[in-house]
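What follows is a short report on a single structure.
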Amino acid sequence: MIQSMTGYGKSVLHLPSKKVTIEIKSLNSKNLDLNTRIPSYYREKELNVRKKLASNLVRGKVDFSIYVEMTADETSTTVNTGVVREYMQQLRNVTQVGTSDDVELMKMAVRMPDALKTEREELDEEEWKQIDAHIDEALKEIIQYRIDEAKSLEEDFKTRILNIQSALEEVKKLDGDRIEHVKERLQKALTDLKVEVDENRFEQELIYYLEKLDINEEKVRLANHLEYFLQQLATEDSNGKKLGFIVQEIGREINTTGSKANFAPMQKLVIQMKDELEKIKEQILNVL
């Protein structure tokens with residue numbers, strides 16, 4: 001079962017003094033491109049979080065965020081009273097104003113450096129266990145999102161592969177007519193030249209020429225690659241890179257068939273196959 005690299009997961013944890021929101025977003029990327037936004041007091045857990053995200057999401061441009069909103073009446077930020085008073089006295093000396101303007105002086109003083117102090121919040125291991133469990137919940141949600149997103153991709157891939165297989169069957173049917181067309185065209189060219197030709201030599205040259213245009217191997221390999229693509233699409237593990245390699249091989253066989261076709265009805269079918277394959281290539285970039 002394939003997975004898309006596009007996904008979103010969210011989990012919200014309500015603690016006695018705060019609300020913790022965990023968000024994970026992902027888009028397609030060749031490798032794992034992981035960005036994290038974690039409050040400083042949880043930073044020591046960042047390495048473990050990164051390992052967990054990497055093992056679960058594997059690939060993609062991933063943005064992980066932990067947002068904390070304080071809900072309690074208490075605050076860890078307090079006024080540094082001594083510093084504020086000193087600032088006010090210095091401002092009083094500079095401005096030569098009276099005590100009646102203390103409110104204005106205080107407004108200026110609290111904007112000064114170190115007027116407010118914030119106590120560093122220490123990591124609570126029990127609290128982190130709850131947050132870690134909610135990270136797991138967000139991961140489950142984004143993985144399910146990826147699976148759901150990939151269902152439409154899978155159906156589209158199957159439809160387009162079947163279209164290519166149908167076109168290949170038409171190519172097989174036309175191959176006999178193509179050979180006759182080539183023989184007739186060469187014979188006509190010789191007739192138009194009005195020259196005497198050794199029939200045995202002509203047959204030898206014709207066989208050699210037709211061998212150059214033979215597409216039997218291409219037809220067999222293309223059929224095998226198409227079947228292999230469908231087999232890999234049905235496996236348990238999602239492997240977008242492997243599917244991408246198979247698509248490259250499919251394209252190689254279609255291109256070779258087109259270059260050897262030398263027959264307008266067959267070349268039209270080759271163009272149809274190329275069109276279907278290009279649409280697969282566009283979507284395969286988003287498969288995990």
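Add -39500 (n - 2.57) for each DSSP H run of 4 or more in the chain, then divide by its residues: what number comes out at 222 nm, to the nearest 500 deg cm²/dmol? Here the helix-only value at 222 nm equals -21500 deg cm²/dmol.
To put it simply, the accessible area of segment 132-184 at a 1.4 Å probe is 47 percent carbon and sulfur. In this rough spin-label picture, where each label sits 7 Å from Cα along the Cβ direction, the Ile271-Val12 distance is 5.6 nm. Full extension of the chain between Val182 and Leu32 gives 48.8 nm of extra length, using 0.36 nm per residue less the Cα-Cα distance. Using Cα springs under 10 Å in a Gaussian network model of the chain, which residue among Glu137, Glu44, Glu211 shows the largest mean-square fluctuation? Maximum fluctuation in the GNM of the chain, among the listed residues, is at Glu211.
Only Cα pairs within less than 10 Å get springs; with that Gaussian network setup on the chain, which residue of Glu104, Glu217, Glu184 has the largest fluctuation? Largest GNM mean-square fluctuation: Glu104.
For the chain, taking the reciprocal of the average inverse distance between every pair of different Cα atoms yields a Kirkwood hydrodynamic radius of 25.5 Å. Note that segment 265-278 has calculated 3J(HN,Hα) couplings of x, 6, 5, 5, 5, 4, 4, 4, 5, 4, 4, 5, 5, 4 Hz, one per residue in order, obtained from phi through the Karplus relation 6.51 cos²θ - 1.76 cosθ + 1.60 (θ = phi - 60°); glycine and proline are x.
Near Leu15, within a Cβ-to-Cβ distance under 11 Å, what is the net charge of the other residues, with Lys and Arg +1 and Asp and Glu -1? Local net charge: -2.
With a Förster radius of 51 Å applied to the beta-carbon distance between Glu126 and Glu227, the computed FRET efficiency rounds to 0.40. Taken per residue, the accessible surface of the chain reaches 61 Å², heavy atoms only and a 1.4 Å probe.
Among Ala109, Ile179, Ile284, flag the residue with its Cα farthest along the positive direction of the charge dipole of the chain, charges on Cβ as +1 for Lys/Arg and -1 for Asp/Glu. Positive-most Cα among the choices belongs to Ala109. Beyond 25 Å between alpha-carbons counts as too far, so tell me which of Lys151/Lys172; Lys173/Lys268; Lys10/Lys279; Lys183/Lys279; Lys212/Lys241 fall in that bin. Check vs 25 Å cut-off fails for Lys151/Lys172; Lys10/Lys279; Lys183/Lys279; Lys212/Lys241. For the chain, take the longest principal axis of its alpha carbons; what is the angle in degrees between that and the long axis of helix 199-212, to the nearest 10 within 0 to 90? Between the helix axis and the principal axis of the chain, the angle is about 10 degrees. Here the contact order of the chain, divided by its residue count and restricted to Cα pairs under 8 Å and six or more residues apart, works out to 27 percent. On the basis of the beta-carbon distance and an R0 of 30 Å, Asp148 and Thr21 show a calculated FRET efficiency of 0.85.
Of all the options Leu230, Leu222, Leu15, the one that moves most in a Gaussian network model of the chain with Cα springs shorter than 10 angstrom is Leu15.
The values are calculated or read from the model by the stated rules, or taken from the named source; none is laboratory data. Please read these numbers as outputs of a predicted model, since none were measured by experiment. Backbone-built Cβ (ideal geometry, glycine too); neighbour counts: all protein chains shown. Only protein heavy atoms, including side chains, enter the accessible area calculation; ligands, DNA and RNA are left aside. Shrake-Rupley method; radii C 1.70, N 1.55, O 1.52, S 1.80 Å.
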